[in-house]
Amino acid sequence: MSETPPPRILLFDSGTGGLTVARAVAEALPQAHLIYAADNGAFPYGAWEEGALIERILAVMSLLIAKSRPDLVVIACNTASTLAIWRLRERFPDIPFVGTVPAIKPAAALSKTGVIGVLATPGTVRREYTKALIDTYASHCTVILHGAHGLAALAEDKLYGKAPDRRQILREIRPVFRKRKGRQTDTVALGCTHYPLLLEELTAMAPWPVTFLDPAPAIARRVVQVLAERGRQPGEINGAVAPSTLMLTARPVAERVLDAYAVLGFANHMVMPAS
Ligand code: DGL
């Protein structure tokens, strides 16, 4: 029997969106101990003012890291990654961080028409980081950046059992569907980890078929690579199910919120108030 303990991976988001990334990481590393942390006390991040959000993220991450002692952290949130990942790397130099940023590079590579949409939170579309990704990887494309105000909340509600209002979904996504000089949007990067939870509704309500890009599989591959670079093998577990832990920053409003996390593999929870 191997002595290698499974790596401890902390995945962080403002809410349930990062579960789309957790799912991909669990598939790639079924032995890993996943610790999922949601700053549900501050959801949604997309509406926060930048300075206050940086302070919030640094404070919450300090608590989470002290408590969970991770081998690697995944910031499974575009809004937090595009704003604070380098500050987190500076603050915690011994821990590798894998971020989540809008999949603009793959979208530009995949698009045949050269018209790509980027759906993200209002915070993410304002970031210099996002603009730099466009300048670097998609300057040959027409890029339609759109900050959706209510999509992340619709995704949360769906997970808690409330059917999303499809007309509202159409209003939220309509701006990235553009026709120009005989060319139209054919690829849409989902720049918020909540949005893949709505893939079925996004596909049904799209004015015409497009490829929606979910970055989760690429993030999972990066996690495997970074752990390997640090000499961390997947490790072994004695039981059939790898351990998993859920950390929240506020008591959930209803029992069904915890049920939703449990269905996705996070049954053991602790509440760690952050103020
Ligand atoms: N899931 C987060 C992201 O990827 C944002 C949701 C929120 O607004 O809190 O950007």
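The values are calculated or read from the model by the stated rules, or taken from the named source; none is laboratory data. This one's a predicted model, so the numbers in the text were calculated from it and none came from an experiment. Cβ coordinates were reconstructed from backbone atoms using ideal geometry, including for glycine residues, and neighbour counts include every protein chain displayed. Ligands, DNA and RNA are excluded from the accessible area calculation, which covers all protein heavy atoms including side chains. Shrake-Rupley method; radii C 1.70, N 1.55, O 1.52, S 1.80 Å.
Here are the numbers:
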| read-out | value |
| --- | --- |
| Cα-Cα separations in region 191-237 greater than 16 Å, expressed as whole percent | 56 percent |
| Among 63-70, 76-83, 195-202, the order from most to least packed when residues are scored by Cβ within 10 Å on average | 76-83, 195-202, 63-70 |
| Area projected by the alpha carbon convex hull of the chain, averaged over all directions, nm² | 14.6 nm² |
| Cβ-derived FRET efficiency at R0 45 Å, Lys179 paired with Asn268, nearest 0.05 | 0.35 |
| Per residue accessible area of the chain, 1.4 Å probe, in Å² | 46 Å² |
| DSSP-loop trypsin sites (Lys or Arg not before Pro) across region 70-115, with at most 10 other Cβ within 10 angstrom | Lys112 |
| Ellipsoid semi-axes in whole angstrom, largest first, where each is sqrt(5λ) of the Cα gyration tensor of region 1-114 | 24, 21, 13 |
| Largest-first principal axis extents, alpha carbons of region 73-138, Å | 43, 22, 18 |
| Pairs from Lys112/Lys158; Lys131/Lys179; Lys105/Lys162 whose Cα-Cα separation, in the structure shown, is over 28 Å | Lys112/Lys158; Lys105/Lys162 |
